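**Q** Structure provided below as structure tokens; questions to follow.
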Amino acid sequence: MSTSAIQSSIIIGCDHAAYPLKEKVKSHLIHKGIDVVDVGTDNEKSVDYSDFGAKVASQVSAGKFDRGILLCGTGLGMSMVANKYPRVRAALCNDLFSAIMSRRHNDANILVMGGRVIGEALAAEIVNSWLDTPFEGGRHQARIDNFKSFERIEQRRGIDD
Ligand code: RB5
């Protein structure tokens, strides 16, 4: 956990396809007493999901926030973009089991959901489970450490090219 991270805050972003669900998820978080930093989008006018995915993932990657939430139509595009960033472990969870396991086994730091896939009630339950479930560590930490080394290999390759 970064010492500079805004511990009690969650950064959230979406594209036009998930704007209605993002507003519901944001209200749910605020109702739970969590500070929400919303990077948009703020309406249903067509935008590129990657721009908003980058806004959230870059801040989690930099340690400014411990947790983020991203939403697009399916959740697929946002997951792909977010996982380009070092230290980001974005998990697409359109069901409860995935949400719980993404925390227990993967220590996911960005939750991704699909605004055209799930409804408000399921999204709220997914958010609750994702926030409440701790990481189990142990062998799962070793596995995460293993793929972190791939990030370093890629960064090194960039320098050497
Ligand atoms: C937008 O039409 C849609 O492609 C986007 O929200 C997302 O589902 C992409 O993965």
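The values are calculated or read from the model by the stated rules, or taken from the named source; none is laboratory data. Keep in mind the model is a prediction, meaning the values are calculated, not measured. Ideal geometry is used to build each Cβ from the backbone, glycine not excepted, and the neighbour counts take in all protein chains shown. In case anyone asks, the SASA skips ligands and DNA or RNA and just uses the protein heavy atoms, side chains included. Shrake-Rupley method; radii C 1.70, N 1.55, O 1.52, S 1.80 Å.
**Q** Restricting to the stretch 38-88, what's the tally of residues that are in a loop (DSSP other than H, G, I, E, B) and either within 15 Å of the ligand (Cβ to nearest atom) or open to solvent by 20 Å² or more (accessible area, probe 1.4 Å) (or both)? Write out each step before concluding.
**A** The first filter runs over the stretch 38-88 and keeps only residues in a loop (DSSP other than H, G, I, E, B), leaving 39-48, 62-66, 73-75, 83-88.
With either within 15 Å of the ligand (Cβ to nearest atom) or open to solvent by 20 Å² or more (accessible area, probe 1.4 Å) (or both) added as a condition, the list becomes 39-48, 62, 64, 66, 73-75, 83-87.
Qualifying residue count, the stretch 38-88: 21.
**Q** For the stretch 132-161, enumerate the residues that are open to solvent by less than 40 Å² (accessible area, probe 1.4 Å), in a helix (DSSP H, G or I) and of a type outside the set (Gly, Ala, Ser). Full working, then the answer.
**A** First, pick out the residues of the stretch 132-161 that are open to solvent by less than 40 Å² (accessible area, probe 1.4 Å): 133, 137, 140, 144, 149.
Next cut, in a helix (DSSP H, G or I) only: 140, 144, 149.
Hits for the stretch 132-161 are HIS140, ILE144.
**Q** Identify all residues within the stretch 21-37 that are under 21 Å from SER98 (Cα atoms) and either touching a Leu at 6+ places or on another chain (Cβ under 6 Å) or open to solvent by 10 Å² or more (accessible area, probe 1.4 Å) (or both); write none if there are none. If you could, list the steps in order and put the result at the bottom.
**A** Kept after step one, since they are under 21 Å from SER98 (Cα atoms), are these residues of the stretch 21-37: 21-22, 24-26, 28-29.
Within the stretch 21-37, LEU21, LYS22, LYS24, LYS26, HIS28 qualify.
**Q** Identify, by number, the condition in (1) within 16 Å of the ligand (Cβ to nearest atom); (2) closer than 21 Å to LYS32 by Cα; (3) touching a residue at least 60 places away in the same chain (Cβ under 8 Å) that ALA124 doesn't meet.
**A** (1)
**Q** Kindly establish whether VAL112 is open to solvent by less than 10 Å² (accessible area, probe 1.4 Å), within 15 Å of the ligand (Cβ to nearest atom), under 12 Å from the mean Cα position of the chain (by Cα) and closer than 14 Å to ASN128 by Cα. Step through it out loud before you land on a result.
**A** On the way: open to solvent by less than 10 Å² (accessible area, probe 1.4 Å): yes; within 15 Å of the ligand (Cβ to nearest atom): yes; under 12 Å from the mean Cα position of the chain (by Cα): yes; closer than 14 Å to ASN128 by Cα: yes.
Yes, satisfied.
**Q** Follow-up question, since we're still on this one. Is it fair to say CYS93 is within 10 Å of the ligand (Cβ to nearest atom) and open to solvent by less than 50 Å² (accessible area, probe 1.4 Å)? Working first, answer last.
**A** Numbers: within 10 Å of the ligand (Cβ to nearest atom): no; open to solvent by less than 50 Å² (accessible area, probe 1.4 Å): yes.
So CYS93 fails the test.
**Q** Taking interchain pairs and intrachain pairs at least six residues apart, which have beta carbon atoms under 6 angstrom, with the first residue in the stretch 8-23 and among the hydrophobic types (A, V, I, L, M, F, W, C) and the second within 8 Å of the ligand (Cβ to nearest atom)?
**A** The qualifying pairs are ALA17/CYS72; ALA17/GLY73; ALA17/GLY115; ALA17/ARG116; ALA18/CYS72; ALA18/GLY115; LEU21/GLY115.
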